[in-house]
1. For region 218-304, which strands (runs of 3 or more DSSP E) that fit wholly inside it have 2 or more residues that are outside the structural domain of residue 166 (by TED's automatic domain parsing) and surrounded by 21 or more Cβ atoms within 10 Å (Cβ to Cβ)?
2. Just for region 323-350: of the residues that are free of Cβ contacts under 8 Å to residues at least 60 places away in the same chain and more than 21 Å from the chain's Cα centre (by Cα), which one is nearest to residue 266 (Cα to Cα)?
3. Taking the condition of being farther than 21 Å from residue 223 by Cβ and in a loop (DSSP other than H, G, I, E, B), how many residues in region 65-82 meet it?
4. Within region 147-164, track down each residue that is surrounded by 18 or more Cβ atoms within 10 Å (Cβ to Cβ) and either under 26 Å from residue 346 (Cα atoms) or assigned by TED's automatic domain parsing to the domain that holds residue 342 (or both).
5. Identify, by number, the condition in (1) in contact with a strand residue (DSSP E or B) (Cβ under 9 Å, 6 or more places away or on another chain); (2) farther than 18 Å from residue 261 by Cα; (3) touching a residue at least 12 places away in the same chain (Cβ under 8 Å); (4) surrounded by 15 or more Cβ atoms within 10 Å (Cβ to Cβ) that residue 180 doesn't meet.
6. Is it true that residue 395 is in contact with a strand residue (DSSP E or B) (Cβ under 8 Å, 6 or more places away or on another chain), assigned by TED's automatic domain parsing to the domain that holds residue 13, assigned to a helix (DSSP H, G or I) and closer than 27 Å to residue 45 by Cβ?
7. Quick test of your reading of the structure: residue 176 fulfils all but one of (1) under 28 Å from residue 335 (Cβ atoms); (2) part of a loop (DSSP other than H, G, I, E, B). Name the failing condition by number.
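The values are calculated or read from the model by the stated rules, or taken from the named source; none is laboratory data. Fair warning: this is a prediction, and the values are worked out from it, not measured in the lab. Cβ coordinates were reconstructed from backbone atoms using ideal geometry, including for glycine residues, and neighbour counts include every protein chain displayed.
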């Protein structure tokens, strides 16, 4: 596929679609099992550029991977037997890879050099490097990648303090380092963030305790490998949930989607806007809440997104901004300054895309105000941001049919998290005919 794609308006969307495995859980299944000695099978792992970055870095430390039928086999000598990487640990576009693996590197008795693509080089890294330094790790004085982390002097202290931002990546980085520290750690979050790391490590034998916003880690426990069945990614499902809600006559099913409460804010927001979103067959799979989701076309209304919803729906905010652009009334998003330091400045780029489609948007330092209406076809740029490309596709599908198609530049960015996005779009449209 070229790096530009044209999406015509139309629908309805109908049928059942299994979205790819959850990206956050896939990263953690790879890393957590790499820390333990032995073998584990991961079923449903997301095969995307970001997860391949994590695998490539772990391979340099001595971890082996093998495709076994529908599973990925992880074979590791254990963290204590990791060898120095022969080269730079290239994390590509993946903030999850570089931040979580920095925490692992802090517990290794050698220097690890990290880098990434131009987008990743623009993202803030002191938020992980400073806590690691406070624990005794030697760290680069850089603010962004490239940088190095060296655990040769050991981690003489645990971490004891409050995190500046509610971030699953920052928290997980510190947790991974805390496993190898000489002293216990106490991590206090300012708000809820995704808790996949705590769930998975607890199941593998780590001495980790969660009490509200406080996470305590006591080092020294031996980790055991654990087979993981990765559920569908709610961040991927969100695009289809929003598209189905926007397009009259749509009715889609999304089976086996992770609905972890630290990630399911998109469902709460859509319901507050009037969307018909139903969860069926709720159950636990590999320690994670999972459900089958159905969504039908419905009239949406403007809403206010702030507080804890910002954290539990952070990755979905660009797509929710699209929903707001079609909703009746005004939607306001507050407290989302973190969007400015993602793969792109998602406040600026989302505002630009919607404005190009004729939407009235007021941009704020920490959010935006969106006046709902009927967006029209236009040419928009993803700026290399996977979530912007997919959000633009949703807007294009629901746009005014009289205005023509939408051209999306940088369409290949979907490879970062959802390689089959464009083929899945075609399938849902075909099933709706």
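1. Once the strands (runs of 3 or more DSSP E) in region 218-304 are filtered for at least 2 residues that are outside the structural domain of residue 166 (by TED's automatic domain parsing) and surrounded by 21 or more Cβ atoms within 10 Å (Cβ to Cβ), what remains is 251-258, 288-296.
2. Among them, the one singled out is 324.
3. So the count comes out to 2.
4. Residues satisfying the conditions are 147, 163.
5. Going through the list (1) in contact with a strand residue (DSSP E or B) (Cβ under 9 Å, 6 or more places away or on another chain); (2) farther than 18 Å from residue 261 by Cα; (3) touching a residue at least 12 places away in the same chain (Cβ under 8 Å); (4) surrounded by 15 or more Cβ atoms within 10 Å (Cβ to Cβ), residue 180 breaks only (1).
6. The answer is no for residue 395.
7. Residue 176 satisfies every listed condition except (2).
Residue by residue, here is whether (1) at pLDDT below 95; (2) farther than 28 Å from residue 94 by Cβ; (3) surrounded by 24 or more Cβ atoms within 10 Å (Cβ to Cβ) holds:
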site: 323; (1), (2), (3): no, no, yes
site: 330; (1), (2), (3): no, yes, no
site: 350; (1), (2), (3): no, no, yes
site: 354; (1), (2), (3): no, no, yes
site: 370; (1), (2), (3): no, yes, yes
site: 381; (1), (2), (3): no, no, no
site: 394; (1), (2), (3): no, no, yes
site: 431; (1), (2), (3): yes, yes, no
